[in-house]
Amino acid sequence: MHDLDFPFWLRVNHFINLFCIFLLMRSGIQILADHPKLYWNDHTTPGSECIKFGKKVMPKDRLWTSMDEAEEVNSIIALPGGHHNLGTGRRWHFLTVLLWAVNGLTYVTLLFATGQWRRLIPTDWSVLPEAWHSLITYLTFHIPPESAFHPYDALQQLAYSAIVFVVAPLMILTGLCMSPAFIARFPWYPKLFGGRQAARSLHFLGLITLVFYVILHITLVLIVHFFHNIGNMVFGSPHYYPELAALIGFLGLVAVGVFHLVATVYSRRHQRRFQQIGDRLLVPVLRELFGHLRSRQQYTKADISPAHRVNGYPPVSSEYLRLVDERFETWRLRIHGLVERPLELSLSDLRHLPRQEQIVKHNCIQGWSAVAEWAGVPMRTILDLCRPLPSAQFVAFHAFEQAEYSPHTYYEVLTMQDILDPQTILAYEMNWRPLPIPHGAPCRLRVETKTGYKMVKYLRAIEFIRDLHDVGLGYGGYREDHQYYDHVAAI
């Protein structure tokens, strides 16, 4: 390997990777803070977590929702930091993932195209005893001679190879398990990792590995032949202007730090603007990757979770409470907007329409999941009855007034393509019983390729519209309008 140098593309890849890793770490911590618990089971039954962060204890004498479990996290370690800045944290994470993945693919491609793969992949079993010798050298507080690095010593080579070919791919593969659209289309996929929650826990362990690796890597760069290392990283050779290389390297780290400071302040003070900029780049990619996937879930009764978390408190308006007292006998679902035939359907009307049952996995944007059986009317049947006009491009689902969303009511918007999914239904039963109030009685939307916030509970109206701007602030729903979530909601 003595003939291997540090070409320009390798040095650029290295810096971009450093830039991305810090963004992924901080935004990942922000995402974790919204459900700071990890599991090895997909039921996420309270109390079954293997790791819990934070000190919150949920009450046992009243209803609580998963939003109550979110923890506040300091902006020094999280991007953007604060309490429930999940929408902005996710946007940073996904934007960075795109850059990181492209950079990684470019790096691996060039490694093999230029013969530089030998710097990472051992070609001789002697690498193992040499790596052991190197480890002992470090543990006894000695430094290997410069001649041991050609361009890396054996321990370096194994460590870099593990990060590039094991940890990084594992982060991407387990990250795919966080997509309800992907695992709804391929239910077998998360089973490769022991389930969605096991994949989430492995994703976290990958994060911890990267944090440890970066700290150790930077430390060793500083104390082990620093000018040799920094010369290679900046100029591709340890012999060109080592002091200048050190200055450039230092300024590069300062630039990364300044970017993080500006990114944190800007995205906290201008979340709407960041949402607009980010979604111009992100939404087309998410729709292309996940927007065409259709749910094919077929879980069994044995898979049903013993408990199913809720999110969002029930309505407390006099209208809704009256309907509860009447067992929803006078409830009517209004279907209007750009349709040939406006409708008002009672619960009895829905029950007399074609019935569909499905045992599926609910994936909350905060990170928890649960499996339940739902029964209701396919949205395709509703479309056949109301006959949307050609100008109808979106469908808005409106809920009864809920105190936590006051002065607004909860609403979400889906595309016509979204609601044509064969497992998109208006559910009026859960686990063979009338839909419980905490889960959205008398009727709720189930759209299995989306995260949970798109599945509007306590339905009172469905409106067919031409444009996103016809409802709310025009970003695709309540969460998008007021908490800066993305309206694709597929991951």
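The values are calculated or read from the model by the stated rules, or taken from the named source; none is laboratory data. These numbers come from a predicted model, not from an experiment. With ideal geometry, Cβ positions are generated from the backbone for all residues, glycine too; neighbour counts draw on all protein chains shown. Accessible surface areas use protein heavy atoms only, side chains included; no ligands, DNA or RNA. Shrake-Rupley method; radii C 1.70, N 1.55, O 1.52, S 1.80 Å.
Over region 213-346, the Kirkwood radius and the radius of gyration, each from Cα atoms, give a ratio Rg/Rh of 1.28. Pop out the carbon and sulfur fraction of the accessible area of region 242-373 as a percent, whole number, probe 1.4 Å. On region 242-373, the fraction of accessible area on carbon and sulfur atoms equals 58 percent.
Here the peptides 421-430, 442-451 are ranked by packing, the mean other Cβ count within 10 Å, and the order with the highest first is 442-451, 421-430.
What do you get for the angle between helix 86-114 and the principal long axis of the chain? Use alpha-carbon atoms, 0 to 90 degrees, nearest ten. The helix 86-114 is inclined about 40 degrees to the chain. Protection proxy ranking, highest mean first, for peptides 232-238, 188-194: 232-238, 188-194, where packing is the per-residue count of other beta-carbon atoms within 10 Å, averaged.
Protection proxy ranking of 471-480, 297-306, 222-231, by the mean of other Cβ atoms within 10 Å over each peptide's residues and highest first, is 471-480, 222-231, 297-306.
A 1.4 Å probe run over the protein chains yields, for region 1-139, 51 Å² of accessible area per residue, whole-number rounding. I'd like the carbon and sulfur percentage of the solvent accessible area for region 390-473, probe radius 1.4 Å, heavy atoms only, ligands and nucleic acids excluded. That fraction is 54 percent. Rounded to the nearest Hz, the phi-derived 3J(HN,Hα) couplings of region 235-249 under the Karplus curve 6.51 cos²θ - 1.76 cosθ + 1.60 (θ = phi - 60°) are 10, x, 7, x, 9, 9, 6, x, 5, 5, 4, 5, 5, 5, x, where x marks glycine and proline. Entry comment: accessible area of region 250-409 is 51 Å² per residue, from protein heavy atoms only and a probe of 1.4 Å. Over region 399-490, one equal point on each Cα, no solvent: what is log10 I(q)/I(0) by the Debye formula at q = 0.12, 0.13, 0.15 Å⁻¹? Evaluating at q = 0.12, 0.13, 0.15 Å⁻¹ gives log10 I(q)/I(0) of -0.36, -0.42, -0.57. Take the Cα of residue 343, step 7 Å toward its Cβ, do the same at residue 247, and the gap between the two points is 7.4 nm. Compute the angle between helix 127-139 and the longest alpha-carbon principal axis of the chain, please, reported from 0 to 90 degrees and rounded to the nearest 10. For 127-139 against the chain, the angle is about 90 degrees.
Quick check: the angle from helix 271-290's long axis to the longest principal axis of the chain, C-alpha only, nearest 10 degrees? It works out to around 90 degrees.
In this calculation the C-beta distance from residue 160 to residue 272 is compared with R0 = 35 Å, giving a FRET efficiency of 0.30. Projected label points at residue 262 and residue 317, each 7 Å from Cα along the beta carbon direction, are separated by 4.6 nanometres.
Put simply, region 294-398 fits an ellipsoid with semi-axes of 26, 21, 15 Å; these come from the alpha carbon gyration tensor as the roots of five times its eigenvalues, largest first.
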